[in-house]
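Structure, as structure tokens:
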Amino acid sequence: MKLALIAIQLAVDADVVASVDTYRAHLESAVARALDAAGPADVRVIVLPEIAGHLALLALAPPAAHRAKTLGGALAAAAVRRPFDVLRGIATTRLLDPRHAVLAALAPDGERFWRGVFGPLARRHGAYLIAGSHLRLGPGGDLTNSSFCFGPDGRLLSTTDKVNLVPGMEDRAPKALGLSRGDADRLPIVDTPFGRLCTLICYDGFREPHTSLERFVAMGPRLAARGGVAVVANPAANPWPWHEPWTFAEPGETGSREEQWQREGLPGSLAEMPFARWGITAHLVGRVLDLRFDGQSEILERTTSGVRCLARAEHHDRGGHVVVVEEIHGERPATASRHG
């Protein structure tokens with residue numbers, strides 16, 4: 001069986017999210033280019049970046065929202081025309097924070113758009129497609145950072161909620177998004193022809209927390225206790241400069257965000273605990289309003305001798321894709337990698 005593992009390093013800017021049509025076309029063309037690079041395969045696994053679905057809220061926003069200087073301002077402008085939805089958001093989530101109410105009001109539309117793009121896209125290409133992450137408003141009013149996994153027939157196979165929230169950005173800290181945490185013990189695992197598949201959204205792929213004061217669950221040991229998986233998808237969006245000193249470095253600790261990611265992120269987690277055979281990290285890159293993202297997408301393999309990088313994006317600030325094609329037979333697969 002020929003298995004294609006694909007990470008989409010999605011580049012975003014104001015033009016890309018200027019409208020629903022431009023964003024849909026950008027997403028579809030990024031996937032199509034990566035599949036062309038992969039060539040024929042019996043099974044395909046495609047992973048898109050974290051937060052790509054959050055930006056759908058901006059693509060859906062009216063023209064006035066695109067004149068804002070910050071994403072918060074843009075979403076507020078989008079919500080001005082929907083006061084009853086905002087009030088419903090406050091009532092549903094039981095939080096009075098204005099930003100949270102706006103997100104709760106807009107999230108359902110973003111999720112419908114996201115599902116409408118990636119369900120048909122998975123079916124068109126006959127692929128397992130991990131649709132990055134988006135904001136999801138749950139039945140009980142919880143707002144989560146969630147990731148859809150679609151099957152080759154376009155059906156939604158699983159919805160994964162992020163467990164570990166970045167302090168000061170996603171949690172209940174002032175000016176953060178006020179998101180709710182996923183249940184670490186109920187992480188969805190999908191059965192596929194190549195083995196089991198799961199999603200660890202960005203920080204969930206880390207082996208230790210950024211700070212000593214936050215709530216954090218190491219997901220690698222949890223997955224290992226459940227028998228592990230063949231492939232772990234790792235949609236990611238890193239908001240810190242990739243080649244500059246790590247923001248949360250301990251006193252006396254040196255190194256860049258890139259080095260910290262290799263040490264503590266998915267590569268470090270797989271080195272510490274063999275909970276998956278392959279890991280696919282897909283990064284978001286570029287600038288939108290006051291947001292900036294850097295990172296190098298990569299595909300890893302965990303072997304009996306440790307973790308090796310099968311393929312990695314050449315640049316931390318440009319879009320493209322990373323592709324590895326595995327011919328699975330006998331004890332060990334033959335590997336061919338491509339990036340673009």
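The values are calculated or read from the model by the stated rules, or taken from the named source; none is laboratory data. Nothing here was measured: the structure is a model prediction, and the numbers come from that model. Positions of Cβ are generated from backbone atoms using ideal geometry, with glycine treated the same way; all protein chains shown enter the neighbour counts.
Identify all residues within segment 244-260 that are among the small types (Gly, Ala, Ser) and in a loop (DSSP other than H, G, I, E, B); write none if there are none. Quick ask: steps written out before the conclusion?
Looking only at segment 244-260, we keep the residues that are among the small types (Gly, Ala, Ser), and these are 249, 252, 255-256.
Ala249, Gly252, Gly255 - these are the residues of segment 244-260 that are among the small types (Gly, Ala, Ser) and in a loop (DSSP other than H, G, I, E, B).
Among the residues of segment 252-282, which ones are of a type in the set (Ser, Thr, Tyr) and under 20 Å from His316 (Cβ atoms)?
The initial filter retains those residues of segment 252-282 that are of a type in the set (Ser, Thr, Tyr), namely 254, 256, 269, 281.
Thr254, Ser256, Thr281 - these are the residues of segment 252-282 that are of a type in the set (Ser, Thr, Tyr) and under 20 Å from His316 (Cβ atoms).
Taking strands (runs of 3 or more DSSP E) that do not extend beyond segment 156-202, which have at least 3 residues that are under 19 Å from Glu111 (Cβ atoms) and of a type outside the set (A, V, I, L, M)?
Fully inside segment 156-202 and qualifying: 156-161.
Listed here are the residues, each with its yes/no results for (1) within 17 Å of the chain's Cα centre (by Cα); (2) farther than 22 Å from Thr192 by Cβ.
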residue	(1), (2)
Asn234	yes, no
Glu250	no, yes
Gly295	yes, yes
Ser305	no, yes
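Output the residue which, of all residues in segment 120-155 that are among the charged types (D, E, K, R), at pLDDT 95 or above and outside any helix (DSSP H, G or I), is farthest from the chain's Cα centre (by Cα).
It comes out as Asp153.
With the structure loaded, tell me whether Ala249 is surrounded by fewer than 16 Cβ atoms within 10 Å (Cβ to Cβ) and among the hydrophobic types (A, V, I, L, M, F, W, C) or whether it fails that test. The answer is yes for Ala249. Contact map, segment 28-53: first residue touching a residue at least 12 places away in the same chain (Cβ under 8 Å), second residue part of a loop (DSSP other than H, G, I, E, B) and among the aromatic types (Phe, Trp, Tyr), Cβ cut-off under 9 Å, separation 6 or more or different chains; pairs are Asp42/Phe194; Val43/Phe194; Val45/Phe194.
Pairing each residue of segment 266-284 that is in contact (Cβ under 8 Å) with a residue 12 or more places away in the chain with any residue that is surrounded by fewer than 24 Cβ atoms within 10 Å (Cβ to Cβ) and of a type in the set (Phe, Trp, Tyr), provided the two are 6+ apart or on different chains, yields C-beta distances under 8 Å for Leu266/Phe206; Gly268/Phe206; Ser269/Phe206; Ser269/Phe275. Kindly indicate whether Trp240 is in a loop (DSSP other than H, G, I, E, B), under 23 Å from Gln296 (Cβ atoms) and under 17 Å from the mean Cα position of the chain (by Cα). When the stated conditions are applied, Trp240 passes them.
Selection of segment 5-31 for residues being within 15 Å of the chain's Cα centre (by Cα) and among the polar types (S, T, N, Q) yields only Gln9. Within segment 265-294, being buried (at least 19 other Cβ atoms within 10 Å of the Cβ), touching a Lys or Arg at 6+ places or on another chain (Cβ under 6 Å) and assigned to a helix (DSSP H, G or I) holds for Gly268, Ser269, Leu270.
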